[in-house]
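The values are calculated or read from the model by the stated rules, or taken from the named source; none is laboratory data. Given the structure is predicted, the values throughout are model-derived calculations rather than measurements. Note that each Cβ is placed from the backbone with ideal geometry, even for glycine, and that neighbours are counted across all protein chains shown.
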Amino acid sequence: MRPLPWLPVLLLLALAAYFLPERLSVFPPLGGEPSPPAVSRTLPSALPEDTRELFERSRPAVVQVGSLDPGTREAGLGTGFFISETGQVLTAYHVVANGRLFQIRTVSGRTLRARLTAYDAGADVALLQVQGRGPFPVLKLATRPPRVGETVLAIGNSGGDFLQPRRGRLLRLGAEAGRADFPQGTLEMTAPLAPGDSGGPIIDGNGQAIGVVSYVRVDESGQTRASYAVPVTEGNDLIAALRAGEQRDVPVVGLIFDVQHSGAPGLPGAVIQRVARGSPAAAAGLRGSELDGNGNLAGLGDIITTVDGQRTRNADEVITAIRRADVGDTVTLGFIRDGEEQETSITLVAKRSVPDLRE
């Protein structure tokens, strides 16, 4: 087999640090909820001595994660960390969701290929297996529940940094995202995270990883107000499933919604902006919005009003209803087209099987 052309791959991955469409950059504050004070980045030299020692001790187990789809040349950078001496790397699923080739870069300067072995798309976590000789330094997963108010340390790649610290405080447990396509029941923190930190560890004072970075909430100026991580505990169902190699995708029909118009006055449902090519929705004949020659909206697409008879007032409610089902199930979508109510039955497929669906 010919060797992979990793030099151009590396160049693409480097560029992706600036263009990666991360969840961490697009989630504004939810209305009606008070925001914690804005946070700023932390340099290693500014850390308290005990936190600096924790950072130096933990950093060798944290890695930069590169992802590339050779077909589309879509590339991205994120963060991950070793959870086994044999080279298992835990990261956020959205960091690797669109990739086919993966590699990790360590603090010691090693660059190693990796393969995706397990994931849970709904929880936004994934497991990579590094293809290289170990043993590798390990960051142990939490053995106790996290405590509100405790100081936490994140290590990541945002802002052009390479595996640098972001210090904060744990604000609450079991935070709900308010969006169906984001993980629920997360840890909320003041750690100043940004694109590139996705998949990195949240570390407690004992040096154990209590979470995997997933997304942030920003204010109107784009400044981070709060950060969110998927909680992890050694031996829990999520980690056990990943270690066992399970691949849990989310069910989809293949619709991209017009969030701006969905649920607006006079529009009683979720407006379809685009139908993914090769998806069950495309086969069912559902229609997206029309654009004129200048790319301006010329006509709204079909409006989804029910899923299996359940009223859906906006895109989030449609996604929530669909995700209650499993891949392979058939759902009935009620929709309005040109003022006429219609129905269609669609069999759900795994999101990863529809290449036209991108994060």
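A126 satisfies every condition listed in (1) surrounded by 20 or more Cβ atoms within 10 Å (Cβ to Cβ); (2) not in a strand (DSSP E or B) except (2).
Conditions tested, residue by residue: (1) in contact with a strand residue (DSSP E or B) (Cβ under 7 Å, 6 or more places away or on another chain); (2) among the β-branched types (V, I, T); (3) under 30 Å from D69 (Cα atoms).
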{"site": "P268", "(1), (2), (3)": "yes, no, no"}
{"site": "I272", "(1), (2), (3)": "yes, yes, yes"}
{"site": "A282", "(1), (2), (3)": "yes, no, yes"}
{"site": "R324", "(1), (2), (3)": "no, no, yes"}
{"site": "V331", "(1), (2), (3)": "yes, yes, no"}
{"site": "Q342", "(1), (2), (3)": "yes, no, no"}
{"site": "D356", "(1), (2), (3)": "no, no, yes"}
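A single entry from R323, R274 fulfils the requirement of being outside the structural domain of V130 (by TED's automatic domain parsing), out of contact with any helix residue (DSSP H, G or I) (no Cβ under 9 Å at 6 or more places or on another chain), free of Cβ contacts under 8 Å to residues at least 60 places away in the same chain and of a type in the set (D, E, K, R): R274. Taking strands (runs of 3 or more DSSP E) as the structural unit, those lying wholly within the stretch 260-318 and holding at least 2 residues that are surrounded by 15 or more Cβ atoms within 10 Å (Cβ to Cβ) correspond to 270-275, 303-307. Can you find a residue that is among the hydroxyl-bearing types (S, T, Y), farther than 30 Å from L68 by Cβ and surrounded by fewer than 23 Cβ atoms within 10 Å (Cβ to Cβ) anywhere in the stretch 150-157? So far as the stretch 150-157 goes, yes, one or more of its residues are among the hydroxyl-bearing types (S, T, Y), farther than 30 Å from L68 by Cβ and surrounded by fewer than 23 Cβ atoms within 10 Å (Cβ to Cβ). The single condition among (1) of a type in the set (A, V, I, L, M); (2) in the same structural domain as P145 (by TED's automatic domain parsing); (3) more than 30 Å from D161 (Cα to Cα); (4) buried (at least 18 other Cβ atoms within 10 Å of the Cβ) that V218 does not meet is (3). Being in the same structural domain as A240 (by TED's automatic domain parsing), without any contact (Cβ under 8 Å) to a residue 24 or more places away in the chain and touching a Phe, Trp or Tyr at 6+ places or on another chain (Cβ under 9 Å), is that true of even one residue in the stretch 115-132? Among the residues of the stretch 115-132, at least one is in the same structural domain as A240 (by TED's automatic domain parsing), without any contact (Cβ under 8 Å) to a residue 24 or more places away in the chain and touching a Phe, Trp or Tyr at 6+ places or on another chain (Cβ under 9 Å), which makes the answer yes. Of all the numbered requirements in (1) surrounded by fewer than 18 Cβ atoms within 10 Å (Cβ to Cβ); (2) at pLDDT below 95; (3) more than 13 Å from the chain's Cα centre (by Cα), Q184 misses one, and that requirement is (3). Hey, does the stretch 68-78 have a residue that's modelled with pLDDT of 95 or more, buried (at least 19 other Cβ atoms within 10 Å of the Cβ), touching a helix residue (DSSP H, G or I) at 6+ places or on another chain (Cβ under 8 Å) and not polar (S, T, N, Q)? The answer is yes, given that some residue of the stretch 68-78 is modelled with pLDDT of 95 or more, buried (at least 19 other Cβ atoms within 10 Å of the Cβ), touching a helix residue (DSSP H, G or I) at 6+ places or on another chain (Cβ under 8 Å) and not polar (S, T, N, Q).
With the requirement that a residue be among the polar types (S, T, N, Q) and either at pLDDT 95 or above or outside the structural domain of I155 (by TED's automatic domain parsing) (or both), what does the stretch 90-102 give you? Selection gives T91 alone. Exactly one residue among D316, D302 is touching a Leu at 6+ places or on another chain (Cβ under 7 Å) and in the same structural domain as I256 (by TED's automatic domain parsing), and that residue is D302. Determine which single condition T305 fails, assuming it passes every other condition in (1) hydroxyl-bearing (S, T, Y); (2) out of contact with any Phe, Trp or Tyr (no Cβ under 8 Å at 6 or more places or on another chain); (3) within 25 Å of Q184 (Cβ to Cβ). Here T305 clears every test but (2). In the stretch 213-236, of all residues being in contact with a helix residue (DSSP H, G or I) (Cβ under 9 Å, 6 or more places away or on another chain) and among the aliphatic types (A, V, I, L, M), the one that is farthest from A126 (Cα to Cα) corresponds to V218.
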